[in-house]
Amino acid sequence: MSSDQEISAYGASSSPDDTSNNTSAILGRAYVTLTHEDFVDRLHQLDQRAEEMRSSIRRVNEMLTAVARLWNPHGRLCDATVSSYLETRSRPSCGDGEGALCVVCHDELHCPGDGMMIATLGCGHEYHVPCIKQWLLRKNACPLCRTLTVPL
Amino acid sequence: MQASRARLFKEYKEVQREKVADPDIQLVCDDSNIFKWTALIKGPSETPYDGGVFQLAFSVPEQYPLQPPQVRFLTKIFHPNVHFKTGEICLDILKNAWSPAWTLQSVCRAIIALMAHPEPDSPLNCDSGNLLRSGDIRGYQSMARMYTRLAAMPKKG
């Protein structure tokens, strides 16, 4: 192993006239000497541990959301839940709604040719998909009749 | 922002169209700011607010209609669910029971309904709430009527 591959874990090789074979940093009374490979290896380990921690935080968060939903079924929903629920209940607008309005945006529900998707909730009320999605991210209830939209 | 503006513009057109339909509510948008509205509502009959005209101030958030508008009384009113000094209104649909299906016009209707049916158990005006809770209907009515005369009726010249 050549000396230029050796790196101190504490960046002590900053002085250009450092000619020692092993770049070392002094931490209190202990000498810490790391080769480049050791250093990279430890970085990988740290990375792995950080990833494990992130995934456990995600799991705890998911659990908390699930508990919160039991506690308050009408509370906010997460994006994935809303999207997968609406996917099964959407269809393109057909243009025979006889002037019905989407109560969220107050635009016509069925406007042929605008490419807008319509969602029919379990209670039968209809909304534009982007309109009702925004609302369900805040509250799991039909704006018109307050029925629980996405069942537990 | 764009969505709230578009929706308020729709409501503005609806208000213009239905002006005659509801003579108890007169809803006006600020000339320069579509997020600021005022309303004049008539006190409901057979209540101590009968004969008075009350002014409401609406401040609409950018997240409207996902968030409720902020509404308060500009006219002084003696009512258990209205703060006597600030005019703040305690009404569930303006807080956690809000739904985007409400409009500024229907919020006005809800406030008129609240004037006719006070909820003394969630008071913002404790004096008024205590009168009703202790069963002193007459005391509450005479106080409310007095403030209606003082603040919500044209001065007799």
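The values are calculated or read from the model by the stated rules, or taken from the named source; none is laboratory data. Note that this is a predicted model, so its numbers are computed, not measured. FYI the Cβ positions are ideal-geometry reconstructions off the backbone, even for glycines, and counts take in every protein chain you see.
Results, tabulated for the structure shown:
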{"item": "Selection within region B:125-157 - surrounded by 18 or more Cβ atoms within 10 Å (Cβ to Cβ) and in a loop (DSSP other than H, G, I, E, B)", "result": "B:Asn125, B:Ala152"}
{"item": "Any hit, region B:77-88, residues being within 14 Å of chain A (Cβ to nearest Cβ) and either over 22 Å from B:Cys126 (Cα atoms) or assigned to a loop (DSSP other than H, G, I, E, B) (or both)", "result": "no"}
{"item": "Any chance B:Ala57 is surrounded by 20 or more Cβ atoms within 10 Å (Cβ to Cβ) and either over 16 Å from B:Ala110 (Cα atoms) or touching a strand residue (DSSP E or B) at 6+ places or on another chain (Cβ under 8 Å) (or both)", "result": "no"}
{"item": "All positions within region B:110-124 that are in contact with a His (Cβ under 7 Å, 6 or more places away or on another chain) and outside any loop (DSSP other than H, G, I, E, B)", "result": "B:Met115"}
{"item": "Flag if B:Leu91 is more than 19 Å from B:Arg149 (Cβ to Cβ) and either among the hydroxyl-bearing types (Ser, Thr, Tyr) or in contact with a Pro (Cβ under 7 Å, 6 or more places away or on another chain) (or both)", "result": "no"}
{"item": "In region B:1-48, residue farthest from B:Ser106 (Cα to Cα) [restricted to those that are in contact with a His (Cβ under 8 Å, 6 or more places away or on another chain) and surrounded by 19 or more Cβ atoms within 10 Å (Cβ to Cβ)]", "result": "B:Arg7"}
{"item": "Residue among B:Ala39, B:Ala3 that alone is closer than 26 Å to B:Ala151 by Cβ, aliphatic (A, V, I, L, M) and in contact with a Cys (Cβ under 7 Å, 6 or more places away or on another chain)", "result": "B:Ala39"}
{"item": "Residues located in region B:77-86, provided they are more than 28 Å from A:Arg138 (Cα to Cα) and buried (at least 16 other Cβ atoms within 10 Å of the Cβ)", "result": "B:Ile77, B:Phe78, B:His79, B:Pro80, B:His83, B:Phe84"}
{"item": "Any hit, region A:117-140, residues being of a type in the set (Phe, Trp, Tyr) and within 11 Å of chain B (Cβ to nearest Cβ)", "result": "yes"}
{"item": "Selected residue [within 14 Å of chain B (Cβ to nearest Cβ) and either under 18 Å from the mean Cα position of the chain (by Cα) or among the basic types (Lys, Arg) (or both)] from A:Leu77, A:Leu109", "result": "A:Leu77"}
{"item": "Residue among B:Glu46, B:Glu62 that alone is within 14 Å of chain A (Cβ to nearest Cβ) and either at pLDDT 95 or above or part of a loop (DSSP other than H, G, I, E, B) (or both)", "result": "B:Glu62"}
{"item": "Search result, residues across region B:93-123 that are farther than 30 Å from A:Ile132 by Cβ and crowded, with 20+ Cβ neighbours inside 10 Å", "result": "B:Met115, B:Pro118, B:Pro123"}
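Quick grid of which residues meet (1) farther than 30 Å from A:Asn61 by Cβ; (2) assigned to a loop (DSSP other than H, G, I, E, B); (3) of a type in the set (A, V, I, L, M, F, W, C); (4) at pLDDT below 85:
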{"site": "A:Thr81", "(1), (2), (3), (4)": "no, no, no, yes"}
{"site": "A:Ser84", "(1), (2), (3), (4)": "no, no, no, no"}
{"site": "A:Pro112", "(1), (2), (3), (4)": "yes, yes, no, yes"}
{"site": "A:Cys123", "(1), (2), (3), (4)": "no, yes, yes, no"}
{"site": "A:Pro130", "(1), (2), (3), (4)": "no, no, no, no"}
{"site": "A:Trp135", "(1), (2), (3), (4)": "no, no, yes, no"}
{"site": "A:Arg138", "(1), (2), (3), (4)": "no, yes, no, no"}
